[in-house]
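To start, the structure under review is shown below, and the notes come after it.
The values are calculated or read from the model by the stated rules, or taken from the named source; none is laboratory data. All of these numbers come straight from a predicted model, not from anything done at the bench. Cβ atoms come from the backbone with ideal geometry, glycine included; neighbour counts cover every protein chain shown.
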Amino acid sequence: MTTLVVDVRRAEPDDAAAISETHRAAWQHAYAGLIPFRTLMAMVERRGHTWWRRAIRGSTSILVLEVDGAIAGYATLGLNRARSLPQEGEIYELYLRPEYQGIGLGSRLFREARRLLASLGCKGMVIWTLEENDRAINFYQALGGIDIAEGSETFDRRPLKKIAFVWP
C-alpha cells in the first residue's frame, strides 16, 4: 500500500513554474466553453512563471496544495475587493488540476485559505464565481457558502454574470 503525502503551504518563488502549469490546466478545464477561447488563452498565457514569481513576492497570499511533492492546486487570497460587501477577506482564486478534483483536496485547500484569512484578522470571506460554472457553484454550496450578490464581468465583449458566495 502506498501512502500519499498531502500538504498545504505558502507558495515560494521556486513554485512559480508549477503554479503556472496548474493554472493553465485548471483554467482550460474550468472555463472551456464559458469564456471565449481566444480570450481564455490570452488570460492563461499572461500568467507564465515570471508573472507567478512576481505574484508570490507581492502582497497577495498564495497557498499551494502539494500531493507527494507535486503542486496539484493553488489559492490566492487577501482583502475583499468588493466594498459593497461587509466580509473582510476574499479568496480570489482556488483551483486544482483536473486530475485532482473530486477527492476532497479542494475542500482542504479551501479550509486552509479560510484559516489563513482568519489568522490575518479578516472577519468573513467572499468568493466570486461565474454563474455558468456549475462545478464551482456546487462546490461552494457544499462548503456552506451563501449566494448573496451578483455582478458581471466582460470577456471579449461578452458579459458573463458572476455570483458572490460568502461565509461569516
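Among the candidates Arg46, Arg53, Arg38, the residue that is farther than 25 Å from Arg135 by Cα and not aromatic (Phe, Trp, Tyr) is uniquely Arg53. The set of residues from segment 1-59 being in a helix (DSSP H, G or I) and charged (D, E, K, R) comprises Asp14, Asp15, Glu21, Arg24, Arg38, Glu45, Arg46, Arg53, Arg54, Arg57.
Scanning segment 117-130 turns up no residue that is in contact with a Ser or Thr (Cβ under 6 Å, 6 or more places away or on another chain), within 24 Å of Ser61 (Cα to Cα) and assigned to a helix (DSSP H, G or I).
Looking at this structure, is Arg135 under 18 Å from Met43 (Cβ atoms), touching a residue at least 24 places away in the same chain (Cβ under 8 Å) and surrounded by fewer than 19 Cβ atoms within 10 Å (Cβ to Cβ)? Considered against the rule, which asks whether it is under 18 Å from Met43 (Cβ atoms), touching a residue at least 24 places away in the same chain (Cβ under 8 Å) and surrounded by fewer than 19 Cβ atoms within 10 Å (Cβ to Cβ), Arg135 comes out as no. When segment 151-167 is filtered for residues that are charged (D, E, K, R) and either modelled with pLDDT under 95 or in contact with a His (Cβ under 8 Å, 6 or more places away or on another chain) (or both), the ones remaining, listed by number, are Glu153, Asp156, Arg157, Arg158.
Any residue at all in segment 3-26 that's within 19 Å of Lys162 (Cβ to Cβ) and small (Gly, Ala, Ser)? Yes, because at least one residue in segment 3-26 is within 19 Å of Lys162 (Cβ to Cβ) and small (Gly, Ala, Ser). Picking from residues in segment 20-68 that are hydroxyl-bearing (Ser, Thr, Tyr) and surrounded by 13 or more Cβ atoms within 10 Å (Cβ to Cβ), the one that is modelled with the lowest pLDDT is Thr60. Among the residues of segment 76-99, those identified as among the hydrophobic types (A, V, I, L, M, F, W, C) and touching a residue at least 60 places away in the same chain (Cβ under 8 Å) are Ala82, Leu85, Leu96.
Quick check on my filter: what residues within segment 143-158 are closer than 19 Å to Tyr31 by Cα, of a type outside the set (Asp, Glu) and surrounded by 11 or more Cβ atoms within 10 Å (Cβ to Cβ)?
Residues of segment 143-158 that are closer than 19 Å to Tyr31 by Cα, as a first pass: 150-158.
Filter again for of a type outside the set (Asp, Glu), leaving 151-152, 154-155, 157-158.
Residues satisfying the conditions are Gly151, Phe155, Arg158.
Tell me yes or no: at least one residue of segment 83-96 is within 21 Å of Thr22 (Cα to Cα), under 14 Å from the mean Cα position of the chain (by Cα) and either in a helix (DSSP H, G or I) or among the β-branched types (Val, Ile, Thr) (or both).
Within segment 83-96 (the criterion being within 21 Å of Thr22 (Cα to Cα), under 14 Å from the mean Cα position of the chain (by Cα) and either in a helix (DSSP H, G or I) or among the β-branched types (Val, Ile, Thr) (or both)), the answer is yes, since at least one residue qualifies.
Scanning segment 90-103 for any residue that is surrounded by fewer than 18 Cβ atoms within 10 Å (Cβ to Cβ) and more than 14 Å from Ala26 (Cβ to Cβ) turns up at least one such residue.
The residue pairs whose first member lies in segment 35-60 and is over 17 Å from Thr154 (Cβ atoms), whose second member is not in a helix (DSSP H, G or I), and whose beta carbons are closer than 6 Å, counting only pairs six or more residues apart or on different chains, are Ile56/Ala11; Ile56/Ile62; Thr60/Thr76; Thr60/Gly78.
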